[in-house]
Amino acid sequence: SLLVQLSSILSIKQFKMAIVKSGKVVIILAGRHAGKKAVVIKNIEDGNDDKRFSHCLVAGIARGPRKVTRGMSKKKVEKRSRTMKPFVKYVNVRHIFPTRYQVDMDLKKAVDEADLVGDKKVDVKKTLKKIFEDKYLNQKSATSEKKAAGSNYFFQRLRF
């Protein structure tokens, strides 16, 4: 019976981790960015020497784009999208809430794990800001309807 309980616990853990994949839109539940949306870049299931728990590398929006109406010119829309402020961090899997949405942003190339220390993190955030702005302004050019819905959801403010 002990073996059965152990195998069920392991299968539950594997099932839970299968939900959090790269490209998945998640909501941060704890810490400074609680209530903010992010995209999973990399998932570390079993932990490593530094962090001995399952965690994810996520990139999200600390401050979203300003409100845009239909009557605004393209120039004004671009100016209002520049207020976006990204963040990059490692988050414990227990502190994220996976949503049903998926995004097709290629963030693995933009965020190198070695660059997340010191002054290089500023450069990473600048490239992320550029990627987020481009994606926000070109939301219609998604690969599928499902990814377009995920992109739309990612850039909307969370209402609660």
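For this structure, a couple of remarks:
- Electrostatic bookkeeping for G150 treats Lys and Arg as +1 and Asp and Glu as -1; over the other residues with beta carbon under 12 Å from its beta carbon, the sum is +4.
- Dividing the mean sequence gap of close Cα pairs (under 8 Å, 6+ apart) by how many residues the chain holds gives a relative contact order of 23 percent.
- Overall, the accessible surface of region 15-79 at a probe of 1.4 angstrom is composed of carbon and sulfur to the extent of 48 percent.
- Sites matching trypsin sites (Lys or Arg not before Pro) across region 45-118 that sit in DSSP coil, with at most 15 neighbouring C-beta atoms within 10 Å: K51, R52, R66, K67, R70, R82, K108, K109
- Distance between region 142-160 and region 21-86 - C-alpha centres, whole angstrom: 12 Å
- Secondary-structure-derived ellipticity at 222 nm for the chain, considering helices only, amounts to -11000 deg cm²/dmol, per-run term -39500 (n - 2.57) for DSSP H runs with n ≥ 4.
- 3J(HN,Hα) along region 21-36: 10, 5, x, 7, 7, 10, 10, 6, 9, 9, x, 4, 9, 4, x, 9 Hz, from the Karplus curve 6.51 cos²θ - 1.76 cosθ + 1.60 with θ = phi - 60°, whole Hz, x for Gly and Pro.
- Convex hull of Cα atoms in region 16-160, direction-averaged projection (nm²): 9.3 nm²
- Take region 35-98 with all the other protein chains still there, run a 1.4 Å probe, and you get 62 Å² of accessible area per residue.
- Members of K21/K74; K51/K79; K24/K120 lying beyond 31 Å, as alpha-carbon distances in this model show: K21/K74; K51/K79
The values are calculated or read from the model by the stated rules, or taken from the named source; none is laboratory data. Keep in mind it's a predicted model, so treat the numbers as computed, not measured. Positions of Cβ are backbone-derived with ideal geometry, glycine not excepted, and every protein chain shown enters the neighbour counts. Ligands, DNA and RNA are stripped out before the accessible areas are found, and what is left, the full protein with its side chains, is counted by its heavy atoms. Shrake-Rupley method; radii C 1.70, N 1.55, O 1.52, S 1.80 Å.
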